[in-house]
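Down below is the structure, laid out as structure tokens.
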Amino acid sequence: MSRGNDRWVHTPPRQSATFDSHAIAEIHRAAATGIYDIRGFGAKRQLPHFDDLLFLGASISRYPLEGYREKCATDVTLGTRFAKKPITLAIPITIAGMSFGSLSAPAKEALGRGASAAGTSTTTGDGGMTAEERQHSSLLVYQVLPSRYGMDPDQLRKADAIEVVVGQGAKPGGGGMLLGQKISERVAKMRTLPAGIDQRSACRHPDWTGPDDLQIKIEELREITDWQKPIYVKVGAARPYYDTALAVKSGADVVVLDGMQGGTAATQEVFIEHVGIPTLAAIRPAVDALQDLDAHREVQLIVSGGIRSGADVAKALALGADAVSIGVAALIALGDNAPELDADYAEIGSAAGFYDDWHEGRDPAGISTQDDELAARFDPELGGRRLANYLRTMVLEAQTLARACGKSHLHNLEPEDLVALTLEASAMARVPLAGTTWVPGA
Ligand SMILES: Cc1cc2nc3c(=O)[nH]c(=O)nc-3n(C[C@H](O)[C@H](O)[C@H](O)COP(=O)(O)O)c2cc1C
């Protein structure tokens, strides 16, 4: 309050840009607890993203396709390099690896149901494969993770493809965590670890000291599965050029590149928000590596981290990806953070649209929990239908954009179809700033 012309003038309170309400709350939280914050979801801060790109629809210099009569194909085949049995997906969107443990058994089943109905694959996660997800997934990718929790050669043989996880976009260089409240008897048994005790999983594979070991591991997996199944290598986006090149050199059929917006079930907030590079920034260097090794399209590139819509899918493909993968968006499609549950979220100190305490296992939607009563609230058939609808919608959106650019297959989208709205996006995606021919740094 200050005095001017003999009258007291009230100035409204001003928030500090440096010490904003989140920074202040975080300092209070740290001062009260003495420990870092852990949460689920992906990075929440503003980052350069696909929204910073726009498609240049066709007009006189380009020829669009007719939406109702001319086809725009969407299929993709993964594992064409070495696997005897590559897998073909009807759509270029897969469901990312999310562990049974972080998610309830009915939620895992719903992911399988939804993916299968839409003609795509789903993926296991830390802790192994559940019978329900195998039964309801027409194509199931089996993860081999640093923790090796639940790792079982018989399950490897039951899978349609194998994904060696080196890292995750939410935490490149970091290990996983599943807190005691989610370690039910079933989860514990699958992981051969005690129930109710926090599990912190390894940040690197126990038998690796470098890329040569990755090559040996891939050969071992090929032998176990008789060279039948595609082998993916998943990395968190940090040094995408070198990591992609080394994955290719090690014999990967598919590289999965997970940007820093990538979701997680439970990670330190400081890790989620401060490690790795945005998905948008990771794609071009990875494609460069594939092109330099003459392996682009022979080794397929799956990109993930913050994909929400058909526009995101189309933009990732235009930058050179063969497919994308979704985690958080799939959970939201199942019903996570649904407004109907607002009162239930309020009871546990959150709100619909904001809930990210997936590590606590108290999810009223029954998705990120191992509590039998909460899990029973979730209907896997309904969840599966919702996910399938969402996947179909994204594909329709991507096709709409591709046709407008004159493409008869989503894979024909190319960087030339895009411009950027910001300098950052222009430099990262290497497409011109809208209305100019300028690409910073090119
Ligand atoms: C609930 C949950 C559990 C996850 N569990 C695993 C896992 O077990 N293994 C893994 O490689 N990635 C795991 N992830 C990361 C996803 O596979 C994927 O990389 C990420 O979710 C993609 O980003 P998006 O969520 O923005 O689509 C998990 C993500 C979520 C949201």
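The numbers here are math on the coordinates, done by the rules we state, and not lab data. Remember, it's a predicted structure, so these values are computed and weren't measured experimentally. A quick note on method: Cβ atoms are made from the backbone with ideal geometry, for glycine too, and the neighbour counts reach across all protein chains shown.
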Open item on the list: Please list, ordered by chain and number, the residues whose modelled amide H lies under 5 Å from the amide H of I93; skip anything fewer than 5 residues away on the same chain.
Closed with: V324
- [ ] May I ask you to evaluate 6.51 cos²θ - 1.76 cosθ + 1.60, the Karplus curve with θ = phi - 60°, for each residue of the range 237-251 and list the ³J(HN,Hα) values in order in whole Hz, giving x for glycine and proline?
- [x] 6, 9, 10, x, 5, 6, 5, 5, 4, 6, 5, 5, 4, 6, x
TODO: Output ³J(HN,Hα) for the range 50-65: one whole-Hz value per residue in order, computed from phi by the Karplus curve 6.51 cos²θ - 1.76 cosθ + 1.60 with θ = phi - 60°, and x for Gly and Pro.
DONE: 4, 4, 7, 10, 10, 7, 9, x, 6, 8, 8, 7, 9, 10, x, 9
Open item on the list: For V256, what residues show an amide H to amide H distance below 5 Å, using hydrogens built from the backbone and excluding near sequence neighbours?
Closed with: V233, K234, V235, I302
Open item on the list: Can you tell me what share of the DSSP beta bridges in the chain is antiparallel? A percent to the nearest 5 is fine.
Closed with: 30
Task: Across K315/K407; K85/K108; K84/K189; K158/K315, pairs whose alpha-carbon gap is larger than 23 Å - done: K85/K108; K84/K189; K158/K315
Task: Of every Cα-Cα pair in the range 71-130, the percent that sits beyond 20 Å - done: 36
Task: Residues with amide H under 5 Å from that of G276, placed H, sequence gap 5 or more - done: none
Open item on the list: Can you compute the radius of gyration and Dmax for the chain, using only the Cα atoms, both in Å?
Closed with: 22.6, 89
Open item on the list: Explain nothing, just compute: Karplus ³J(HN,Hα) = 6.51 cos²θ - 1.76 cosθ + 1.60, θ = phi - 60°, for every residue of the range 165-180 in order, whole Hz, x for Gly and Pro.
Closed with: 8, 8, x, 10, x, 5, 7, x, x, x, x, x, 8, 9, 7, x
Open item on the list: Taking only the Cα atoms of the range 160-232, how large is their convex hull per residue, in Å³?
Closed with: 124
- [ ] Order the peptides 307-319, 234-246 from the highest to the lowest mean number of other Cβ atoms within 10 Å of their residues.
- [x] 307-319, 234-246
Task: If the convex hull is drawn through the Cα atoms of the range 51-172, its volume per residue in Å³ - done: 176
Open item on the list: I need the Kirkwood Rh of the range 33-110: take the reciprocal of the average 1/r across all distinct C-alpha pairs and report it in angstrom.
Closed with: 18.6
Open item on the list: As a test of the formula, what do you get for the chain when each DSSP H run with n ≥ 4 contributes -39,500 (n - 2.57) and the sum is divided by the residue count, at 222 nm and rounded to the nearest 500 deg cm²/dmol?
Closed with: -10000 deg cm²/dmol
TODO: Could you tell me which chymotrypsin sites (Phe, Trp or Tyr not before Pro) in the range 31-100 are loop residues by DSSP with no more than 15 other beta carbons within 10 angstrom of their beta carbon?
DONE: Y36, Y68
